[in-house]
1. Read through the list (1) part of a loop (DSSP other than H, G, I, E, B); (2) modelled with pLDDT of 80 or more; (3) open to solvent by 60 Å² or more (accessible area, probe 1.4 Å), then give the number of the only condition that Gln27 fails.
2. What pairs come up if the first residue lies in region 91-120 and is closer than 23 Å to Asp24 by Cα, the second is β-branched (Val, Ile, Thr) and surrounded by 13 or more Cβ atoms within 10 Å (Cβ to Cβ), and their beta carbons are under 6 Å apart, counting only those six or more places apart or on different chains?
3. Working carefully through the options Asp32, Asp24, find the one that is in contact (Cβ under 8 Å) with a residue 60 or more places away in the chain and within 18 Å of Gly120 (Cα to Cα).
4. Against the definition (modelled with pLDDT under 85, open to solvent by less than 30 Å² (accessible area, probe 1.4 Å) and over 17 Å from Gln125 (Cβ atoms)), how does Ala55 come out, yes or no?
5. Any residue at all in region 39-47 that's open to solvent by less than 90 Å² (accessible area, probe 1.4 Å) and within 19 Å of the chain's Cα centre (by Cα)?
6. Out of the residues in region 128-159 meeting the condition of being open to solvent by less than 20 Å² (accessible area, probe 1.4 Å) and modelled with pLDDT of 90 or more, tell me which one is farthest from Leu105 (Cα to Cα).
7. Considering region 97-127 alone, what residues qualify as being in a helix (DSSP H, G or I), among the small types (Gly, Ala, Ser) and open to solvent by 40 Å² or more (accessible area, probe 1.4 Å)?
Amino acid sequence: MARFSGLVWSIARKLSADPSDAEDAVQEVFIDLWRSAHRFDPAKGTETTFVATIARRRLIARGRRRQRRPESPGIDDGVAAPETATPDTDVRERAAMVDRAMGALRPEQRRVLQLAIQHGASHEQIATSTGMPLGTVKTHARRGLIRLRDILVREGAIAPESGSDVPGG
């Protein structure tokens, strides 16, 4: 990994919009390389070419997916901020509320949401990594988000939505 980190990082910087996105992309590339290592054939090219090709393809695909996704509202849209709190205190308090709310979820809902939110895994990736059927993953994600929203509304961390049972929908 260290041998090719500079190469992958330089490709990611060129093809990613911001540095944090580039960092996430580099991690995804190395995971993809690990999974694809069996496909390397020295008769077709060098290791460097193999790594660069996978990195470039993965980063281009990632950029295309981002372009297809509609812009979603930020996390602060609809979060009630106390007027007396400082920004740092407010963020810590909201993070603590979210942590408590996540802790109140069923373990499988929490795991699915953590994989999706913290690791950026798709439903398909979560299904593959956990061994759950895809429909079950989607159900856990949906029910977990609904429960999370209900808990955060009850704690006053977010404003209630009218007429919708899907967060943001």
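1. Just one mismatch for Gln27, condition (1).
2. Val112/Ile126; Val112/Val137; Leu115/Ile126
3. Answer to the check: Asp24.
4. Against the criterion (modelled with pLDDT under 85, open to solvent by less than 30 Å² (accessible area, probe 1.4 Å) and over 17 Å from Gln125 (Cβ atoms)), Ala55 does not qualify.
5. No, there is no match, as no residue in region 39-47 is open to solvent by less than 90 Å² (accessible area, probe 1.4 Å) and within 19 Å of the chain's Cα centre (by Cα).
6. Val137
7. The one that is in a helix (DSSP H, G or I), among the small types (Gly, Ala, Ser) and open to solvent by 40 Å² or more (accessible area, probe 1.4 Å): Gly103.
The values are calculated or read from the model by the stated rules, or taken from the named source; none is laboratory data. Computed from a predicted structure; not experimentally measured. Counting neighbours? That spans all protein chains shown, and the Cβs are built from the backbone with ideal geometry, glycine included. Side chains are part of the model used for accessible areas, which takes the heavy atoms of the whole protein and leaves out ligands, DNA and RNA. Shrake-Rupley method; radii C 1.70, N 1.55, O 1.52, S 1.80 Å.
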